[in-house]
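The structure appears right after this line, and notes come after that.
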Amino acid sequence: MAEAAANGEARGGGVPRPTNPMVTPLLTDLYQFTMAYAYWKAGKHLDRAVFDLYFRKNPFGGEFTIFGGLEECIRFIANFKFTEEEIKFLRSVMPTCEDGFFEYLSSIDCSDVEVYAIPEGYVVFPKVPLMRIEGPVAVVQLLETPFLSLVNYASLVTTNAARHRLVAGKSKNLLEFGLRRAQGPDGGISASRYSYMGGFDATSNVAAGRLFGIPIRGTHSHAFVSSFMGLDEITDKALTSSNGSNKCEDFVSLVQNWLTKIQDGSSLCGTFGETSQSELAAFTSYALAFPNSFLALVDTYDVMRSGVPNFCAVALALNDMGYKAVGIRLDSGDLAYLSVETRKFFHSVEKDFGIVGFGKMNITASNDLNEETIDALNKQGHEVDAFGIGTYLVTCYAQAALGCVFKLVEINKQPRIKLSEDVTKVSIPCKKKCYRLYGKEGYPLVDIMTGEDEPGPKIGERLLCRHPFNESKRAHVVPQHVEELLKCYWPGKSSKSREELPSLHEIRARCIQHLERMRPDHMRRLNPTPYKVSVSAKLYDFIHFLWLNEAPVGELQ
Ligand SMILES: Nc1ncnc2c1ncn2[C@@H]1O[C@H](COP(=O)(O)OP(=O)(O)OP(=O)(O)O)[C@@H](O)[C@H]1O
Ligand SMILES: O=P(O)(O)OC[C@H]1O[C@H](OP(=O)(O)OP(=O)(O)O)[C@H](O)[C@@H]1O
Ligand SMILES: O=C(O)c1cccnc1
Ligand SMILES: [Mg+2]
């Protein structure tokens with residue numbers, strides 16, 4: 001096995017290695033190794049521990065989160081094994097540790113670890129474990145940092161993408177343009193993958209397209225437009241028609257003729273004068289290179305006086321040759337106003353020249369877009385068909401991190417609790433089961449955590465759901481449908497069967513479906529209603545019993 005790993009082959013029963021080769025057992029914090037050593041020294045390293053991975057607060061001021069990153073966690077543990085070089089390096093980092101510890105590290109893998117998780121792409125809520133990891137305490141401790149690193153950003157950016165989708169609406173095309181602005185190459189690749197999972201349609205990131213099968217899209221930049229000085233730069237002016245039946249020897253003149261006709265056209269007469277000839281040259285060249293998919297960036301000089309008329313001239317010339325242009329991209333200025341004016345221009349061309357469908361030409365907008373700007377455009381009224389979004393999406397500008405944590409909830413069957421002055425930071429002890437209860441109207445009503453041995457909620461049976469920490473908050477629920485949330489993704493030595501890892505496309509479809517299934521008031525941007533997360537009456541009593549047991553009583557003097 002070690003040899004196979006060294007040769008770059010996947011180990012771990014056919015589960016491929018993590019996408020990023022930097023994700024190795026060393027990709028963790030030093031304290032995980034120092035704790036592992038101390039566990040080992042104390043003879044505790046094989047103690048059976050249960051950890052929960054969860055977050056405490058939904059991001060972006062919202063009331064929902066999408067879980068991303070599970071597949072990479074499973075890839076990581078399936079292939080978890082130290083190489084000889086890694087052990088050698090660790091020896092140099094921890095020179096005072098005994099040899100036996102490094103022999104122990106060399107021997108470990110995750111075959112005795114069990115991972116239960118909510119499926120990737122599900123809508124998830126604070127405090128409910130996204131993952132429950134059980135195994136020898138020293139091994140599971142080593143998983144904390146890589147798991148958090150794989151889940152935190154993935155879930156944050158998936159949620160960010162889903163929020164952009166919600167504000168843009170179902171009918172708009174959402175393109176992820178963030179690679180150049182992301183937090184380095186791994187940030188860029190992850191952003192493309194998880195933005196797609198959260199409901200984007202495509203990415204400009206070619207490597208992500210290849211790795212994950214995400215549709216790849218793109219336009220062209222201002223540099224392409226400004227690189228042209230004039231039409232005389234175009235030497236090969238010929239274009240064969242789309243059906244191959246005729247050839248236009250001078251496509252440039254055809255474009256120029258159309259520009260004159262648009263200028264003189266009845267409804268557009270006088271709306272613009274001389275357009276930029278360098279821009280016209282750039283558009284014509286691009287059309288000659290891509291007659292089937294011509295799309296032009298129209299804001300290099302002046303959108304309405306140059307870019308849009310130039311685009312229309314080229315699009316009409318292409319139309320003569322049997323090609324259908326795609327549309328334009330706006331990358332500056334007032335995107336609401338310019339998109340509306342551009343649409344009017346397209347409609348005038350359709351009317352003046354009887355080109356059916358010209359008015360429906362695609363308008364893509366970009367330039368520092370985010371949830372707020374898209375919401376503002378919606379309120380003003382706009383004609384944008386597609387949004388290209390970079391910086392705000394991939395950097396998760398509105399919130400830097402999700403804040404998932406990894407907390408010990410049980411060791412050797414003894415429930416453990418982490419107390420805090422801040423009640424939201426108190427952990428929920430015990431190895432737990434988690435359920436989503438659905439109401440009459442088909443919406444999820446509440447998530448409930450119970451002790452592992454408690455009987456699960458039953459359809460049609462009234463159940464008391466309690467807020468884990470607030471005594472007065474409780475509700476009776478009669479579920480119409482009960483879904484157990486934590487499923488077995490890595491059975492360890494247990495006899496459970498392992499859930500399949502679905503494709504990215506399947507996860508994306510599930511994510512979209514789950515978002516649609518949520519009650520709308522949980523999803524609205526302004527003051528959304530919190531979704532209820534609860535514990536069973538029995539677990540509530542136990543949490544508070546343990547809390548009182550563990551909290552020292554103060555002395556007043
Ligand atoms: N109608 C609109 N309502 C609200 N925000 C808009 C509207 N149109 C554009 N925006 C946003 O306003 C901001 C404009 O930014 P800025 O003024 O820096 O760009 P610009 O001057 O138009 O273009 P450039 O990028 O070339 O400087 C962007 O974030 C853009 O998304
Ligand atoms: O605005 P974002 O949401 O980050 O989307 C990506 C931006 O990247 C490109 O511009 P580029 O980086 O070439 O420079 P610019 O912003 O000055 O146009 C593109 O034209 C968008 O404006
Ligand atoms: O294809 C585009 O238009 C694009 C790609 C990346 C960044 N900005 C724009
Ligand atoms: Mg910009």
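Some notes on this structure:
- Selection from region 172-190 of residues that are hydrophobic (A, V, I, L, M, F, W, C) and within 12 Å of ligand 3 (Cβ to nearest atom): LEU175, PHE177, LEU179, ALA182
- Selection status of ILE363, within 16 Å of ligand 3 (Cβ to nearest atom) and open to solvent by less than 40 Å² (accessible area, probe 1.4 Å): yes
- Elements of the type strands (runs of 3 or more DSSP E) sitting completely within region 455-552 and holding at least 2 residues that are of a type in the set (S, T, N, Q) and under 33 Å from the mean Cα position of the chain (by Cα): these cover 532-536.
- Close pairs from region 307-333: first of a type in the set (Val, Ile, Thr), partner part of a loop (DSSP other than H, G, I, E, B) and within 16 Å of ligand 2 (Cβ to nearest atom), Cβ under 7 Å, at least 6 apart: VAL308/VAL298; ILE328/VAL298
- Hey, ASP368 near ligand 1 (Cβ under 9 Å from one of its atoms) and either over 26 Å from ALA315 (Cβ atoms) or assigned to a helix (DSSP H, G or I) (or both) or not: yes
- Lone qualifier among THR342, THR450, THR424, THR391 - being among the polar types (S, T, N, Q) and under 23 Å from the mean Cα position of the chain (by Cα): THR391
- Residue list for region 177-218, filter: surrounded by fewer than 16 Cβ atoms within 10 Å (Cβ to Cβ), farther than 12 Å from GLY390 by Cβ and touching a residue at least 60 places away in the same chain (Cβ under 8 Å): GLN183, ASP186, LEU211, GLY213
Here's the yes/no breakdown for (1) crowded, with 22+ Cβ neighbours inside 10 Å; (2) in contact with a strand residue (DSSP E or B) (Cβ under 8 Å, 6 or more places away or on another chain):
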position	(1), (2)
GLY61	no, no
GLY69	yes, no
ILE77	yes, yes
GLU84	no, no
PHE102	no, no
ASP112	no, yes
ILE118	yes, yes
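- Whichever residue in region 417-450 is of a type in the set (Asp, Glu) and part of a loop (DSSP other than H, G, I, E, B) and, among such residues, is least open to solvent (accessible area, probe 1.4 Å): ASP422
- So THR342, is it part of a helix (DSSP H, G or I), within 13 Å of ligand 4 (Cβ to nearest atom), surrounded by 16 or more Cβ atoms within 10 Å (Cβ to Cβ) and of a type outside the set (Phe, Trp, Tyr): no
- Just one residue in the set ASP453, ASP521 is surrounded by fewer than 16 Cβ atoms within 10 Å (Cβ to Cβ) and touching a Pro at 6+ places or on another chain (Cβ under 7 Å); that residue is ASP521.
The values are calculated or read from the model by the stated rules, or taken from the named source; none is laboratory data. Quick caveat, the model's predicted, so the values are computed rather than measured. Positions of Cβ are backbone-derived with ideal geometry, glycine not excepted, and every protein chain shown enters the neighbour counts. Side chains are part of the model used for accessible areas, which takes the heavy atoms of the whole protein and leaves out ligands, DNA and RNA. Shrake-Rupley method; radii C 1.70, N 1.55, O 1.52, S 1.80 Å.
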